[in-house]
Amino acid sequence: MRDLASVDREVTPWLVATWHAPWYSTYKAHYREVECMRVAMEELLYQYGVDLVFSGHVHAYERSNRVYNYTLDPCGPVYITIGDGGNREKMAINHADEPGNCPEPSSTSDDIGGFCGFNFTSGPAAGKFCWDRQPEYSAYRETSFGHGILEVKNETHALWTWHRNQDLYNEPGDRIYIVRQPDRCPCPSEPQNLLPYSMQMDWFVVTLLALPLILSYVNGGDNDIPTTLEGPFDPVTIPLDTSSRGNAVDLPDNDYRVQRRVQGFNPEQISVSLSSNHDSVWISWITGDYQIGDNIKPLNPKKVHSVVRYGRSPFRLNHEEDGDSLIYSQLYPYKDIQNYTSGIIHHVRLTDLKPETIYYYRCGDPSRRRNMSEVHYFKTMPASGHHSYPAKIAIVGDLGLTYNTTSTIDHMMSNDPDLILLIGDVTYAELYLTNNTGSDCFQCSFPDSPRVSYQPRWGYFGRYMEPVISKVPMMVIEGNHDIEPQAENQTFAAYSSRFAFPSKESNTYKAHYREAECMRVAMEELLYEYGVNIVFNGHVHAYERSNRVFNYTYDPCGPVHITIGDGGNREDRAIEHADELNDEGVSNCPEPLSTPDKFMGGYCAFNFTSGPAKGKFCWDKQPDYSAYRDSNFGHGILEVKNETHALWTWHRNQDLYNEAGDQIYIVRQPDRCPSEPQVKINPSDELRDEA
C-alpha cells in the first residue's frame with residue numbers, strides 16, 4: 001500500500017501489477033484458485049487506480065474488460081492472463097462456463113489459506129459457482145501459445161498486442177488500446193484500505209510497475225484499433241487451433257542449445273538484469289560444472305574471480321568491475337535421491353552508466369588463461385525521471401523449456417523488446433526426479449516419491465536463453481513451480497541464487513538471542529554519547545529494524561539498530577521470535593545459560609530488571625523497541641539526502657526491485673541530541689594504541 005500511495009501519477013501515470021496466479025480467468029484450470037487474494041487486495045488496487053494486471057499460471061491467453069468484483073467498471077483494471085509461454089504441462093483448453101466443466105467449490109482451496117470461492121450472490125451467475133456462458137468481464141480468450149507486447153504511447157494510451165506462435169511475426173492475435181481516464185477515475189491522495197495483517201502471500205508475490213509518461217502520440221493510422229473507451233465488448237472465444245503443438249515436449253538433454261559448450265571455468269549462461277538505478281546493471285554468469293549424485297563436493301567460489309570489462313566500443317573495454325560469487329545446493333534427506341551442487345554463480349554490478357547507451361562487455365576471470373567470454377552488448381534504460389521509460393516491455397509467463405517455448409522466444413524477439421518480464425514458473429525442473437525422469441504430472445507418475453527436482457534443467461534454461469538475455473535485461477517473478485523445497489525447509493534456492501537482485505540491533509529472533517550482550521553492555525553507552533545514528537548487524541538470518549533505542553528503552557537520541565542478515569545463505573531463515581510461543585504452545589524464550597557471549601566470553605544476559613519484561617529473560621510480545629521485523633531474504637539501501645535526513649529502504653528478494661518492504665527516513669536532531677562525550681578514554685588505552 002505504501003508503494004501505491006507513493007506514486008506521483010503526474011510523473012508516473014501508468015500502474016501495472018503482476019503476480020503469478022490470475023484472479024479473472026474463466027478457464028477450468030486453477031479456476032478462482034486465489035479468490036482469498038482477490039478479496040483481500042482488489043479494493044486496494046481499484047482505489048489506487050491500477051491500470052493493468054498481468055498473471056500467468058493458467059496455460060492460455062485471456063483479456064478482460066475493465067472489471068471490479070466481477071462487474072464491468074470503467075475504472076477497474078484490465079486483467080490479462082498470459083501463461084501461454086510453451087511449458088510442458090500442455091495448454092488449458094476447457095472453460096469453467098462450459099457444460100460439465102464447473103469445478104466443485106471445495107476443490108478450489110486458496111494457496112494463501114482457506115476457501116474464499118463461494119457461489120456468486122448477484123449478477124447473471126447468482127446462486128452458481130460458475131457462469132453458464134462466457135462472462136461479460138471476459139473480453140477475449142484463446143488457447144494458443146504466444147507472448148504479448150505492451151507499448152506505452154503517452155500518459156493516457158498504451159497499446160497491448162498479443163501474438164500467437166503460429167502466426168507471422170508481425171501479425172497480432174489480439175490488440176487493443178488501453179486508455180486511462182484520470183478525470184473520470186481519480187486516484188486517492190490518502191490510503192483508503194489496509195490489507196489484513198494476517199494475510200500470508202506465500203509465493204504470490206505482487207510486483208508493481210510505475211511507468212513514467214513520454215511525450216508521444218497515438219499513431220493516426222491505428223484508428224481501427226479499439227480502445228477500452230468503446231467497451232465493454234461482446235465476449236469472444238477463439239476455437240482451439242488443433243494444428244498447434246498442444247502436447248508440449250521438453251528439449252532433450254542432447255539438444256545443442258542446452259548442452260554445455262565451454263570447458264573448465266570459462267563463462268556460460270551469461271545474462272543481464274536491471275539494478276536499482278537506471279545507471280547500473282547486473283552481469284551474471286556461471287563457471288564450472290554442476291555435480292549430482294550421492295557424494296558431491298561443492299566448488300570453492302573464492303578460486304575463480306568475478307570480473308567484467310566493459311566500454312562503449314567493442315574494441316576498447318576500458319572499465320573494469322569486480323563482483324561476488326556463490327554456489328547453491330539442492331539437498332534431500334531421502335534414500336536413493338541424488339543431491340546437487342551448482343557451478344559457481346557470479347554477479348557483478350556495473351555502475352555510473354550513461355542512459356540509453358550501448359555498452360560492450362566481456363566477463364570471466366582474467367587471471368586464468370583464455371577464461372574471458374566473447375564480447376556481448378546491452379543497452380541501458382532511459383534516465384529515471386519525467387518522460388522516460390522502456391519503449392517495449394515483453395511479458396511472458398510459464399515458459400518452461402519445450403519446443404513451444406522456442407517458438408515463443410523467437411516470436412518475442414522479433415518484436416525487439418527493451419525489457420523482458422517473466423511472470424513466474426521458469427524451468428519446471430520439479431516435474432523431474434533427480435535421475436532425470438520427467439512427467440507432465442509429477443504426483444500422478446511418482447505418487448510414492450517425495451517432491452524433488454532435477455536441478456540441471458536450470459542450467460539448460462540459462463544456456464538456451466543466453467543469446468537473448470545476454471543483451472536484453474530479463475526480470476523474473478517466481479511462481480509455484482520455482483519453490484523447489486529441499487532439506488531444512490529451504491525453498492527457492494535456484495531462483496534466489498541464479499538471478500541477481502538490485503542492491504544497496506536489537507535482535508528479537510530466537511536465533512542468537514542476546515548472544516552479544518556483553519558487547520552491548522560494554523559499548524552501548526559509548527555509541528550513545530558520541531551520537532551514533534545507525535548500527536547495522538548481520539548474523540541473524542532475518543530482517544529487523546528498531547526504533548531509536550538505548551538500554552532496551554525508547555530514546556529519541558539513541559541509534560536505530562538494523563539487523564540485515566537476510567542475504568540468503570544456506571543455513572535457512574530465522575523464523576521464530578523469542579517473544580512468541582511455538583506450535584506446541586511452549587515459549588520460544590531460550591534459557592539464559594544457553595546464550596553465552598561467544599565473542600567477549602562469559603554471561604551478561606540476565607532477566608530484565610525494569611520495564612514490561614521485568615523479571616523475565618524475554619518479552620511476551622514484540623518489544624516496544626522493535627519497529628519492524630520480517631523473516632524474508634532481502635537487502636537494504638541507505639540514501640543520505642542531506643545533513644539531517646537519510647532514507648532507509650529494505651527490499652525483500654521476492655518483491656519488485658524498487659518495491660520497499662520497509663522504508664523510513666532516519667532523521668538526526670543535532671539540536672535535541674548534541675554529541676557531548678562523557679566517557680573518557682583510559683590513558684593506558686591510548687598508550688597501548690600508540691604502541
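The values are calculated or read from the model by the stated rules, or taken from the named source; none is laboratory data. No experiment lies behind these values; they were computed from the predicted model shown. FYI the Cβ positions are ideal-geometry reconstructions off the backbone, even for glycines, and counts take in every protein chain you see. With ligands, DNA and RNA removed, areas are computed over all heavy atoms of the protein, side chains included. Shrake-Rupley method; radii C 1.70, N 1.55, O 1.52, S 1.80 Å.
Label D440 and Q47 with points 7 Å out from Cα along Cα→Cβ: what is the distance between them in nm?
Label at D440, label at Q47, 4.5 nm between them.
Output the pairs from K90/K392; K153/K354; K153/K392; K153/K379; K90/K128 with a Cα-Cα distance over 18 Å in this structure; if there are none, say none.
Pairs exceeding the cut-off: K90/K392; K153/K354; K153/K379; K90/K128.
Determine, from the Cβ-Cβ distance of E374 and K354 and an R0 of 25 Å, the FRET efficiency 1/(1 + (r/R0)^6), rounded to the nearest 0.05. Walk me through the numbers before you get to the answer.
Values: r = 23 Å, r/R0 = 0.93.
For E374 and K354, the calculated efficiency is 0.60.
State whether the stretch 119-190 is rounded, prolate or oblate according to the following rule on the C-alpha gyration tensor (a ≥ b ≥ c being the square roots of its eigenvalues): a/c under 1.5 gives rounded; otherwise a/b larger than b/c gives prolate, and the remaining case gives oblate. Write out the running numbers ahead of the final one.
Numbers: a/c = 3.38, a/b = 1.13, b/c = 2.99.
Since a/c reaches 1.5 but b/c is at least a/b, the shape of the stretch 119-190 is classed as oblate.
Give the carbon-plus-sulfur fraction of the accessible surface of the stretch 361-473 in %, rounded to a whole number; probe 1.4 Å, heavy atoms of protein chains only. Intermediate values should be presented prior to the final figure.
Details: 1820 of 3910 Å².
Percent of accessible area from carbon and sulfur atoms in the stretch 361-473: 47.
Modelling each spin label as a point 7 Å along the Cα-to-Cβ direction, I'd like the Y334/Y554 distance in nm, to one decimal.
Calculated label separation equals 5.0 nm.
Tell me the per residue accessible area of the stretch 1-143 using a 1.4 Å probe; a whole number in Å² is fine. Please list the in-between numbers first.
Numbers: 4670 Å² over 143 residues.
Value for the stretch 1-143: 33 Å² per residue.
State, to one decimal in nm, how far the label point of I296 lies from the label point of E488, with both points 7 Å from Cα in the Cβ direction.
Placing both labels 7 Å beyond Cα along the Cβ direction yields 1.4 nm.
How large is the accessible surface per residue of the stretch 252-372, computed with a 1.4 Å probe and reported in Å² as a whole number? Could the numbers behind the result be given before it?
Working: 6460 Å² over 121 residues.
Heavy-atom accessible area per residue stands at 53 Å².
Leaving ligands, DNA and RNA out of it, report the carbon-plus-sulfur percent of the accessible area of the stretch 1-144 at a 1.4 Å probe.
Values: 2320 of 4670 Å².
Of the solvent-accessible surface of the stretch 1-144, carbon and sulfur hold 50 percent.
Mind checking the full-extension length gain between N154 and N94? Use 0.36 nm per residue of separation minus the Cα-Cα distance, one decimal, nm. Before the final figure, lay out each step's value.
Numbers: separation 60, 0.36 × 60 = 21.60 nm, distance 3.73 nm.
In short, 17.9 nm is gained.
About the Cα centre, and with charges only on the beta carbon of Lys, Arg (+1) and Asp, Glu (-1), how big is the dipole of the stretch 298-347? Nearest 20 debye, please. Walk me through the numbers on the way to the answer.
Values: 6 positive and 5 negative charges, 30 e Å.
In debye, rounded to 20, the stretch 298-347 gives about 140.
Which net charge results for the neighbourhood of W285, defined as the other residues with beta-carbon distances under 10 angstrom from its beta-carbon, given Lys and Arg at +1 and Asp and Glu at -1?
Taking every other residue near W285 into account, the sum is -2.
When only C-alpha pairs under 8 Å and at least 6 residues apart count, what is the relative contact order of the stretch 273-354, in percent? Show your work: numbers first, answer last.
Values: 159 pairs, mean separation 35.0, N = 82.
Here the relative contact order equals 43 percent.
For G123, what charge total do you get from the other residues with a beta carbon under 15 Å from its beta carbon, if Lys and Arg give +1 and Asp and Glu give -1?
On the way: positive: R32, K128, R133; negative: D73, D97, D132, E136.
Overall, the nearby charge balance is -1.
Which value, in Å², gives the accessible area per residue of the stretch 374-481 when a 1.4 Å probe is used on the protein heavy atoms? Each step should come with its number before you reach the end.
Details: 3280 Å² over 108 residues.
Per residue, the stretch 374-481 has 30 Å² of solvent-accessible surface.
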